[in-house]
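Take a look at the structure set out below.
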2 protein chains.
Amino acid sequence: MPYELYYWPSIQGRGEFVRLALEDADIAYVDVARQPGKNGLPSMLRLLDGRECVQPPFAPPFLRAGKLLIGQTANILLFLGSRYDLAPRTEAGRLWTHQLQLTIADVVNEVHDTHHPIASRLYYRDQRQEARRRAADFIATRAPKYLGYFEQVLAGNPRGDKFLVGARPTYADLSLFQLVAGLRYAFPRAMTRLERQLPLVVALHDRVASRPRIAAYLASERRIPFNEEGIFRHYPELDRPVTRRR
Amino acid sequence: MPYELYYWPSIQGRGEFVRLALEDADIAYVDVARQPGKNGLPSMLRLLDGRECVQPPFAPPFLRAGKLLIGQTANILLFLGSRYDLAPRTEAGRLWTHQLQLTIADVVNEVHDTHHPIASRLYYRDQRQEARRRAADFIATRAPKYLGYFEQVLAGNPRGDKFLVGARPTYADLSLFQLVAGLRYAFPRAMTRLERQLPLVVALHDRVASRPRIAAYLASERRIPFNEEGIFRHYPELDRPVTRRR
């Protein structure tokens, strides 16, 4: 039975990190809420409300793998990494890959908050002023710090600077690709400037994008375009340095 | 050789989730930056700057365990859970425990942002107005949603409602204790109201607090008091519902 991925049907969001791993490892899966001709959303919402399972996830994405129902993006990738060729087999390698993934998850949370610094449930337009301040700080200090960290990890990898961990791609590389792609969509002006300092991160992005299964996926209809409902949103007014208020 | 925990010396912060696990499992450790008569902070900062190790952590806490240097709080707990009696031995149990821990990590991030919704590097006083809006939403919607989720998980545990996972305590229970303790410190008025709906979560907090090693730890000087430099901060003006601006 193929795995079942549960995620919102109209955005890449956090589900995309799982989709990229499933696609790259050629794992059969059903994207439950996106099946043609079916409305899978109610079954996702039923699992979330907790009456149908004793171990309900707090939020999508979650993955059904036989009897397991696994929530939290990084946890799903940890599971997939232990079953498929998406992470090292050694304990040290698995922990290091997971550590990098959790750091990517931290950036992703911060990216979300550039457009929703006050409350997820409010509209962007209701927190626009705060978003400008937060996005300015993200662009000026957080994005360079995080991306510079990944550049340093690539440069320091004793097995070469092609991948984050060892000499072969892991789910963390796929996720770093997605982070760069998302940041380019959300903050094209800032990223153009930032990328000058990130040759290894940019090369990794390109290397992942050209992997045959990833390239096929990105060209397919399975890849939802970036849009202003997801985590990486392009609001031009957030893509530039602003003077900080005091 | 005892483990070495690296974390800021004057706050509980994210390091506290690791300290509680080390204390409860009676694991020998050195709290590097807090050794009496020694200044361990420089050695922590040297590891963070990445020139002394090829797998530098992005931020504290991190744990040195022999040759391993493990970063990211949840990742450290995943490691400790695999070595000590702090998590189930089955794959399903380990993943579920980790999933809950990652959800606790999400709440902790949101708690941090109640007082720092704009930028970590700015002072609270420079983002006070935004903090009031964010804290009001946290109290009104996010805290009830997260804590209600853990209440539901306890109620649904087929092995009884004493612990989150199975019939024995895990690192996720220790962390849920810390979350409740921190929220009580930060938002005493809001929590008094909220706790009426959370009998199982409150009972779990008390159960963890009375575990002999945890009780001894909490009464010791090793437990840093909550303060306004950490994640859980008590600013009375954030501890009440405010009318939302439009």
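The values are calculated or read from the model by the stated rules, or taken from the named source; none is laboratory data. From a predicted model like this one, the values you see are computed outputs, not experimental measurements. Positions of Cβ are backbone-derived with ideal geometry, glycine not excepted, and every protein chain shown enters the neighbour counts. Calculation scope for accessible area: heavy atoms of the full protein, side chains included, ligands and nucleic acids excluded. Shrake-Rupley method; radii C 1.70, N 1.55, O 1.52, S 1.80 Å.
Residue check: is B:Gly50 at pLDDT below 95 and facing chain A (nearest Cβ under 9 Å)?
Considered against the rule, which asks whether it is at pLDDT below 95 and facing chain A (nearest Cβ under 9 Å), B:Gly50 comes out as yes.
Assuming B:Ala167 fulfils every condition listed in (1) at the interface with another protein chain (Cβ under 10 Å from one of its Cβ atoms); (2) free of Cβ contacts under 8 Å to residues at least 40 places away in the same chain apart from one, which condition is it?
Every condition holds for B:Ala167 apart from (1).
Can you give me the ranges of the helices (runs of 4 or more DSSP H) entirely in the stretch A:131-227 with at least 1 residues that are closer than 27 Å to B:Arg134 by Cα and open to solvent by less than 30 Å² (accessible area, probe 1.4 Å)?
Fully inside the stretch A:131-227 and qualifying: A:143-156, A:171-186, A:188-194.
Specify which of the listed residues (A:Ala155, A:Ala143) is hydrophobic (A, V, I, L, M, F, W, C) and more than 11 Å from every other protein chain (Cβ to nearest Cβ).
Exactly one of A:Ala155, A:Ala143 is hydrophobic (A, V, I, L, M, F, W, C) and more than 11 Å from every other protein chain (Cβ to nearest Cβ), namely A:Ala143.
Quick test for you: out of A:Phe58, A:Phe62, A:Phe138, pick the one residue that is under 20 Å from A:Gln12 (Cβ atoms), more than 8 Å from chain B (Cβ to nearest Cβ) and touching a strand residue (DSSP E or B) at 6+ places or on another chain (Cβ under 9 Å).
A:Phe62
Name, by its number, the condition in (1) within 14 Å of chain B (Cβ to nearest Cβ); (2) closer than 18 Å to A:Thr97 by Cα; (3) among the basic types (Lys, Arg) that does not hold for A:Lys162.
All conditions are met except number (1).
For the stretch B:79-103, what are the residues that are under 27 Å from A:Leu154 (Cβ atoms) and under 14 Å from the mean Cα position of the chain (by Cα)? It would help to see each step written out before you state the result.
Let us first name the residues in the stretch B:79-103 that are under 27 Å from A:Leu154 (Cβ atoms), namely B:79, B:98, B:102.
Selection gives B:His98, B:Leu102.
Cβ contacts < 7 Å: first residue among the hydroxyl-bearing types (Ser, Thr, Tyr), restricted to the stretch B:93-108; second residue open to solvent by 10 Å² or more (accessible area, probe 1.4 Å), any location; separation 6+ or different chain. Result?
From the stretch B:93-108, the pairs are B:Thr97/B:Ala87; B:Thr97/B:Pro88; B:Thr97/B:Val165; B:Thr103/A:Phe58; B:Thr103/A:Gln72.
When the residues of the stretch A:121-130 are filtered to those that are part of a loop (DSSP other than H, G, I, E, B) and either at the interface with another protein chain (Cβ under 8 Å from one of its Cβ atoms) or in contact with an Asp or Glu (Cβ under 6 Å, 6 or more places away or on another chain) (or both), which remaining residue is surrounded by the most Cβ atoms within 10 Å (Cβ to Cβ)?
A:Leu122
When only residues in the stretch B:87-113 that are facing chain A (nearest Cβ under 7 Å) and among the polar types (S, T, N, Q) count, which is most open to solvent (accessible area, probe 1.4 Å)?
Taking the candidates together, the pick is B:Asn109.
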